[in-house]
Amino acid sequence: MAPTRATAPFTTLASTQELFRADGLTLNSNSDTVTANVKNQLTNQVGGVIDVSAVSNGLLIVNVGSVAGSSPGLAVFFDVQDAFGNWVLTSNPTAISGVVLGFATPVWGNISTGYNLTLNGRIRWVVTGTGSPVFSGVSFSLFGR
């Protein structure tokens, strides 16, 4: 008689959902949030905030097509809004990927470093460098779970 094997029960995993998508963006020091006049290609909503109420964490993927300027730097962050309307950083404090981006490439990172997310979220960036640095052909994809 063959021995009986004990099996562990399968856990039910929450499905991942795409929360935000935008592409063809140009990022410079004149603006700093994706919610300002940017269309969420999933909801067709322009401006406003990203609804993160159904997720506890997520992955933000940033892809940069081209870079101009001297010593350009792009740091992308994810913030959530508290009950008083204040924006609070929940992603890595250096940048979403842990490093400031200086060239055309895809990067990614968690939108939360252990915090619970609130109702509203936003993608924010800081552009640094000289000679009017510009990051073109930028896309953002946000997935939550």
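Things to note:
- For the peptides 85-94, 109-118, residues were scored by their other Cβ atoms within 10 Å and the scores averaged per peptide; the highest-first order is 109-118, 85-94.
- For the chain, the solvent-accessible area works out to 57 Å² per residue, with a probe of 1.4 Å and every protein chain left in place.
- Fluctuation leader among GLY69, GLY121, GLY131 - the chain, Gaussian network, Cα springs under 10 angstrom: GLY131
- Accessible surface of the stretch 10-121 [probe 1.4 Å, protein heavy atoms]: carbon and sulfur percent: 51 percent
- Accessible-area ranking of LEU42, LEU119, LEU19, largest first, probe 1.4 Å: LEU119, LEU42, LEU19
- Only one of (i) 33, 19, 14; (ii) 32, 15, 14; (iii) 27, 25, 13 was calculated from the structure for semi-axes √(5λ) of the Cα gyration tensor in Å, and its label is (i).
- Top of ALA104, ALA83, ALA68 by mean-square fluctuation, Gaussian network on the chain, Cα under 10 Å: ALA83
The values are calculated or read from the model by the stated rules, or taken from the named source; none is laboratory data. Just so it is clear, the model here is predicted, and its values are computed rather than measured. Reconstructed Cβ throughout: ideal geometry from the backbone, glycine too, with neighbour counts over all protein chains shown. For accessibility, only protein heavy atoms count, side chains too; no ligands or nucleic acids. Shrake-Rupley method; radii C 1.70, N 1.55, O 1.52, S 1.80 Å.
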